[in-house]
Amino acid sequence: MAATGPALELTGVRAAYGRIEVLHGVDLTVPPASVVALLGPNGAGKTTTLMVASGQMPATAGCVHVAGRHVNGVRPDQLARLGLCTIPEGRGIFPSLTVRENLRMITFGGPSLRQVEERAFTQFPRLKERIGQVAGTLSGGEQQMLAMARALGSDPAILLLDELSMGLAPLIVEELYGLVADIARQGVSILVVEQFARAVLGVADVAVIMQHGRATATGSPAELESELSAAYLGAST
């Protein structure tokens, strides 16, 4: 059955490290089959928001819903079974394993290796050429493709990406975000945390600006052009 409500929704979410509150009532909605870019300078609370959404960090207040289901306190592995998959900053591959061995890891969740490889090599044909190569020797872009391919092997409904562009050349980043747009067109809802706004705005349906632990503006990339400039220029002064 097709989703009719938000794929992911955070309402009034607060979170803290010890006694220090870092999220101050975040409201965030990811519609079905869309790309939502969560933007802002370092320290804005973007990655913490992703950690709360993925169950890696508890919300101290507010609600998190996945496909309409209240999931506060639900473990990350249970969220994965609900269709939420995270690709952390730094790609999160197993560098000492081959490409095929990395893909095999997702089969412990249920899909067959044939199914995983078929989807991976259709979406990322370059990985087929590297199937026996040790993942740590791949280029940075290829490692990010492998992380995405492994995540897609679980057939997620929601994909959370943290700093996809980190350490990569602009042309590689452009290619990766083109693949992100393709994945969204296949029906996957995507929330992308990105410090470098220009990298993702070309494929984002919705942009959310975070500053000081709050979502301060939400709209289309075109609508938020002036707010984006103010957010980044303000952070640098």
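Computed quantities for the displayed model
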item: Breaking point among (1) outside any helix (DSSP H, G or I); (2) within 27 Å of Tyr177 (Cα to Cα), for Met51; result: (1)
item: Hey, Gly55 within 20 Å of Leu191 (Cα to Cα), surrounded by 16 or more Cβ atoms within 10 Å (Cβ to Cβ), among the small types (Gly, Ala, Ser) and modelled with pLDDT of 95 or more or not; result: yes
item: Condition check for Ala184: more than 14 Å from Leu38 (Cα to Cα), surrounded by 15 or more Cβ atoms within 10 Å (Cβ to Cβ) and not assigned by TED's automatic domain parsing to the domain that holds Tyr17; result: no
item: Single residue of Gly90, Gly62, Gly83, Gly110 found to be surrounded by fewer than 20 Cβ atoms within 10 Å (Cβ to Cβ), more than 24 Å from Ser165 (Cβ to Cβ) and touching a residue at least 60 places away in the same chain (Cβ under 8 Å); result: Gly83
item: Any hit, segment 151-162, residues being surrounded by 17 or more Cβ atoms within 10 Å (Cβ to Cβ) and either modelled with pLDDT under 90 or among the aromatic types (Phe, Trp, Tyr) (or both); result: yes
item: Matching residues in segment 152-209 - criterion: being acidic (Asp, Glu) and free of Cβ contacts under 8 Å to residues at least 60 places away in the same chain; result: Glu174, Glu175, Asp182
item: Residue list for segment 187-198, filter: surrounded by fewer than 22 Cβ atoms within 10 Å (Cβ to Cβ) and either within 14 Å of the chain's Cα centre (by Cα) or closer than 17 Å to Phe124 by Cβ (or both); result: Gln195
item: Test set (1) small (Gly, Ala, Ser); (2) closer than 18 Å to Leu161 by Cβ; (3) surrounded by 18 or more Cβ atoms within 10 Å (Cβ to Cβ) - Ala67 fails condition number; result: (2)
item: Neighbours by Cβ (under 7 Å, 6+ apart or cross-chain): first from segment 215-234, in the same structural domain as Asn42 (by TED's automatic domain parsing); second modelled with pLDDT of 90 or more and in a helix (DSSP H, G or I); result: Pro221/Leu201
item: Test: residue in segment 2-25 that is β-branched (Val, Ile, Thr) and either under 15 Å from the mean Cα position of the chain (by Cα) or more than 28 Å from Ala230 (Cβ to Cβ) (or both); result: yes
item: Ala37 being buried (at least 22 other Cβ atoms within 10 Å of the Cβ), assigned to a loop (DSSP other than H, G, I, E, B) and of a type outside the set (D, E, K, R); result: no
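The values are calculated or read from the model by the stated rules, or taken from the named source; none is laboratory data. Predicted model, so just to flag it, every value in this text is computed and none were measured. With ideal geometry, Cβ positions are generated from the backbone for all residues, glycine too; neighbour counts draw on all protein chains shown.
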